[in-house]
Amino acid sequence: MNCQECHDFIDPYIDNELDVAAAILVQQHLRDCSQCQPLLESRKALRALLNNPRLQFEVPDSLRRKIQSALPAATSSARQRFGGRSVIPWFSVPLALAAAFAVVLGLVFLNQGKILDRSRGNALVEEVVSSHVRSLLATHLLDVPSTDQHTVKPWFDGKLKFSPPVLDFADHGFRLIGGRLDYINGREVAALVYQRNKHIINLFIFPSEAGRTEAAQSFEKDGYNVLHWDRDGFEFWAVSDVNAGDLRAFADLEMKQA
Amino acid sequence: MMNDEHTRARFETLMVPLMNDAYNLARWLMRNQEDAEDMVQESYLKAFRFFASFHEGTNCRAWLLQIVRNTCCTALGARKVRQKEVPIDQENDQVEDPSPLPPASLIKKATVEAVREAIEALPVDFREALVLRELEGLSYKEISEVIGVPMGTVMSRLARARHQLYLILSERKEHDHL
C-alpha cells in the first residue's frame, strides 16, 4: 500500500468499515510510514473531541410530550383516509395457509441439529434484545454504577455463582459505566453496561454450555445489533443500537482478552 | 393487514425511542432549537403516515433519520431559494489541500463550544455525513441510505468533512494563542 491509498482508506479504516485484509494493509502501512502517522494522529484527535457526550442534543421534554399527544390525531386522520375499515383481502387467508405449509415443509427438510441450535439462538436473541430494551426504558440500567472495573467485578461476587470477566475499553471509545444482575435463559446473569457516544451496549455474560471459544455470530432484531461469542467457559451476548461495525470492534476487543 | 391499535403500538415500540436521535440530527442540520423542534414534529407525523410502508426487518433508525433528513433539507432548500443564496458546489472541488497537516496537539484542548461552532461552520453536505457517523454512530451503508448517495460518496464526504473540521479547529487554536 502506498501513501495515496493509505490517505484514501484512513477514514474507512478508523470507522471499522474495511474488510480484515484491507485493514491489515492500512495498519502495516501506518506502522512503517512516518509521513502518514500525522494523518492517523489527526483523525484520532478529532475522534476524541467528537466523542464528547456534551455534543449530543437531547430532545426537550415539551417536544416529546407534544409529539406523543399528536400521534392519536394522526391515527384518527389515517382512519379517515382509509375509510375506517379494517379490510382483510379475500386472498389473504389461503395465502397465509400456503405460506405456513411452505414453512413447515422447509423445516422438515432442514438439518435437525441446526434447527435446535438456531431456535435456541433465536430465542436467546429475543431475550437479550428485550432485556436490553427494558434496561433502557426502566430506571434499572445499573445496579452498580462505576467506571472502575475493580469496583464492578467484586460487586458480582456473592451475587452470582460465577465470576464474570470485567474489562473497560474506554481507550477505544467503549466506556464501562457499570453493571447489574439480569435474568436470561432461566438463570441469573451478569450484565455489563458500556457507553459508545450516547449509545448503550449491554454485555450479558453467563457460563457457557459449550465451553469452547467460537467466532462471533451476529444477529439483527428490531433495529438492534446482537453479537454472540464464547470464550473461556463463558457465553457473551452484546446488544446495542450502535452500528454493526462498532459492535464488532467492541467484540473484537473483548475477545482479544482470551 | 395491521389494525390501527397494532400500528400505534409498533410505532411506539420502534420509533418513539429514537426521538433523541431524530432531534440530534435535526438540531445539527437546522442549527437552532426552534427549527429543529418543528422538523422533528413534522418528521414524526410523516413517519406515522408512512409507517404502513415500513417493513419488518428494515433498519428503523436509518428509516426514521432519512425522513428527518429529507424534511430538514426541504426546509433548508426552501429557505435558500428565498434568501437567494448561491449554492456552493463542494462536490466538484476535488483538489486536496497539499499543505502538511497542522500537528494534532493544536486541537487536543479545543473546548466543546469550539467544536460545536466548527461543526456548524461545515457545509451542510459534509456536516450531515459527519454528524450521522460521529454523533449518531451510523455505518457507511446506513448513511448512504439516509442521504441517498453511494457509499463511495459517503466515504469521500466524511474524509473531507474531517479534514475541514480539523483545519478549522487548528486555525482557531492558533488565533486563540495570538
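Per residue of A:190-197, other chain Cβ atoms within 10 Å of the residue Cβ number 1 on average.
If you rank B:V149, A:V128 by fewest surrounding Cβ atoms within 10 Å, what's the result?
The order, fewest Cβ neighbours first, is B:V149, A:V128.
Could you sort out which of A:K66/B:K46; A:K221/B:K141; A:K221/A:K256 sit more than 19 Å apart by Cα distance in this structure? Long pairs (Cα-Cα over 19 Å): A:K221/A:K256.
Summarise the partner chain shielding of B:161-170 as one whole number: the mean count of Cβ atoms from other chains within 10 Å of each residue's Cβ. Each step should come with its number before you reach the end.
On the way: counts 2, 8, 5, 0, 3, 6, 1, 0, 4, 2.
Rounded to a whole number, the mean comes out at 3.
Candidate cross-link partners of A:K153 among the aspartates and glutamates, defined by an alpha-carbon separation under 13 Å and a same-chain spacing of 8 or more, comprise A:D143, A:D168. Extending 7 Å from the Cα toward the beta-carbon at both A:E188 and A:L71 defines two label points whose distance is 3.6 nm. Take the Cα of A:R31, step 7 Å toward its Cβ, do the same at A:S218, and the gap between the two points is 2.5 nm. Separation of region B:34-75 and region A:10-55, taken as the distance between their Cα centroids, equals 32 angstrom.
Read-outs throughout are calculated quantities, based only on the coordinates presented, and are distinct from any laboratory measurement. Small disclaimer: the values here were computed from a predicted structure and weren't measured. Don't worry about glycine lacking a Cβ; one is built from the backbone with ideal geometry, like all the others, and counts go over all protein chains shown.
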